[in-house]
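The values are calculated or read from the model by the stated rules, or taken from the named source; none is laboratory data. This is a predicted model, so every value here is computed, not measured. Cβ placement follows ideal geometry from the backbone for every residue including glycine, while neighbour counts extend to all protein chains displayed.
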Amino acid sequence: MFRKKEEVPRADIDRYVPKLLEYLQINYVKPKPQKRYSLREKSDVRYSLPSEPVRPADPDIRYSLPPSDDEDIRAVLNRASRDMSVLESHALKNYYHNWEKQNSVRKSFSSEVMRMVKEKYPKASRFYGPAGLDRRIFNKIKTDYGYQPSRNTAMRCCIGLHLNGKEAEELLKLAGYAFSPSDPSDLALRFCLDNGIWDIPSINYLLDSFDIKDLEGVAPGGML
């Protein structure tokens, strides 16, 4: 049975404030200014207007095919409609989902989350409840092999699974995300993960202490 990692008691969170400040000061990388592009004064590009203005289509005009062509088109559309109803059927979607899970050569975000949930928790509610995940979102992760989570959802999964910074980085990579050294919020979250702070209110408290947008999406209004 998986042994649960030790979590930092909420009463001891205040002692991490100066450590987090030092961590941010050391690891924060100022983002590079974006280049601004402008058209050259002397450009080789020439612009010209059409000789006659293009008239918009009249919405009252109805277009129709000759009778013989109408019958052929109608038959093709009926066959296409039947094919689409088969492709969109629930049974075929389930078949494709199961086939993709069994035959995929690469891990997905959903498959890795569910693998770790089964290893670490006797009940799934002990994972998504403390992580602040809605049950509907958890069901999407559970049933959709190719589910693309939002950044906040992916971060909450890392917290709920009690991952450290390196483990979280690997999981976020599967969702198409990464920790940015130019984002104070990312740095603070990685600091919390590396220091065993997996309690959502405690993490939000640390983020709020530095006027960083917390996991609830609340931004106090300050900047690092």
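Which ones in the stretch 178-196 are among the acidic types (Asp, Glu) and farther than 16 Å from residue 164 by Cα?
The answer is 183, and nothing else.
For first residues located in the stretch 125-142 and in contact (Cβ under 8 Å) with a residue 12 or more places away in the chain, partners that are in a helix (DSSP H, G or I) and loosely packed, with under 15 Cβ neighbours inside 10 Å and lie 6+ apart or on another chain with Cβ distances below 7 Å form the pairs 128/135. If you take the residues in the stretch 175-211 that are among the hydrophobic types (A, V, I, L, M, F, W, C) and not in a helix (DSSP H, G or I), which one is surrounded by the fewest Cβ atoms within 10 Å (Cβ to Cβ)? Among residues in the stretch 175-211 that are among the hydrophobic types (A, V, I, L, M, F, W, C) and not in a helix (DSSP H, G or I), the one surrounded by the fewest Cβ atoms within 10 Å (Cβ to Cβ) is 178.
For every residue, the table says whether it meets (1) among the hydrophobic types (A, V, I, L, M, F, W, C); (2) assigned to a helix (DSSP H, G or I); (3) at pLDDT below 95; (4) touching a strand residue (DSSP E or B) at 6+ places or on another chain (Cβ under 9 Å).
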site	(1), (2), (3), (4)
82	no, yes, yes, no
107	no, no, yes, no
140	no, yes, yes, no
156	no, yes, no, no
